[in-house]
Amino acid sequence: MTVLTLDRVSLAFGGIQALSDVSLTVPRGQVTAVVGPNGAGKTSLFNVVCGFYRQTAGRIMFDGQEIGAMAAYRRASLGIARSFQHMALIRGLSVLDNIKLGLHPRLKSNVLSAGLFLPGVRREEHALTARIDREIIAFLGLESVRDHAVETLPYGMQKRVELARVLAAEPSLLMLDEPAAGLNRGEKEEFGDLVLECIRRWPLSVILIDHDMGMVMRISDQVVVLNFGRVIAAGQAASVQANPDVIQAYLGVA
């Protein structure tokens with residue numbers, strides 16, 4: 001059972017080939033890591049899946065549906081949610097308000113009713129806020145900072161807020177772009193455990209990019225390695241780690 005399938009996906013920017021014939025599958029209920037040297041095409045792959053870029057060739061299937069021509073907001077409403085390599089939290093807003101921004105793909109109200117803040121909108125917001133408090137803020141240990149301005153928090157706590165915002169969208173595919181970047185060793189261990197606990201708590205699958213091979217190898221069910229926009233290895237962590245093509249791509253030696 002797969003939640004996401006890329007079939008010979010390519011992406012070009014003029015004469016630059018960012019992705020070339022990339023094929024991979026993300027199994028349902030598992031963690032898939034995409035790794036590779038800088039410039040290998042990892043974030044380009046994420047942007048193609050999310051709809052920020054349109055692939056120049058190939059097919060993208062999500063839950064059995066072709067999404068390659070679908071707008072980014074429609075993909076979000078289907079259950080694709082992502083974090084970013086550089087956190088996009090909004091300064092001046094509280095932790096709760098930043099998390100609530102992730103709700104937009106799930107809101108039933110339209111622009112007019114939301115602008116007038118009609119009773120139905122108020123009831124919907126109250127119910128969704130209660131769910132965030134109950135299921136997400138408590139899970140991530142953010143109760144004590146719920147109403148704090150997000151920029152006042154330590155960096156590691158801000159990373160949790162970003163994860164909370166993605167979870168608020170109720171994704172079936174959780175995409176994490178370098179979630180461990182900037183964290184110390186203990187924080188990386190905790191974040192990896194949180195990712196695994198997300199899969200145990202909710203019906204979602206995870207695809208992540210990260211350069212911390214210790215965390216990647218510990219939490220991933222499969223690892224896909226990109227180099228110069230091509231898949232050079234894929235499989236379980238131990239076999240990929242020992243692959244000579246992977247060693248050469250990272251270390252420059254056979």
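For the range 52-71, residues that are at pLDDT below 95, surrounded by 15 or more Cβ atoms within 10 Å (Cβ to Cβ) and among the small types (Gly, Ala, Ser) total 1. If only residues of the range 43-61 that are of a type in the set (Gly, Ala, Ser) and outside any loop (DSSP other than H, G, I, E, B) are counted, the one that is farthest from THR5 (Cα to Cα) is SER44. From the residues in the range 100-122 that are among the charged types (D, E, K, R) and modelled with pLDDT under 75, which one is surrounded by the most Cβ atoms within 10 Å (Cβ to Cβ)? Only one residue tops the list, namely ARG106.
Would you please name the residue that is modelled with the highest pLDDT, looking only at residues in the range 228-254 that are small (Gly, Ala, Ser) and closer than 19 Å to THR25 by Cα? Quick ask: steps written out before the conclusion?
First pass over the range 228-254, keeping only residues small (Gly, Ala, Ser): 229, 233-235, 237-239, 242, 249, 252, 254.
Subset that is closer than 19 Å to THR25 by Cα: 229, 233-235, 237-239.
Numbers: GLY229: 93, ALA233: 89, ALA234: 90, GLY235: 90, ALA237: 83, ALA238: 83, SER239: 85.
For the range 228-254, the residue satisfying everything is GLY229.
Taking the range 1-19, which residues are hydroxyl-bearing (Ser, Thr, Tyr) and at pLDDT 95 or above?
Step one: filter the range 1-19 for residues hydroxyl-bearing (Ser, Thr, Tyr), giving 2, 5, 10.
Answer for the range 1-19, where residues must be hydroxyl-bearing (Ser, Thr, Tyr) and at pLDDT 95 or above: THR5, SER10.
The values are calculated or read from the model by the stated rules, or taken from the named source; none is laboratory data. No experiment lies behind these values; they were computed from the predicted model shown. As a convention, Cβ positions derive from the backbone with ideal geometry for all residues, glycine included, and neighbour counts pool all protein chains shown.
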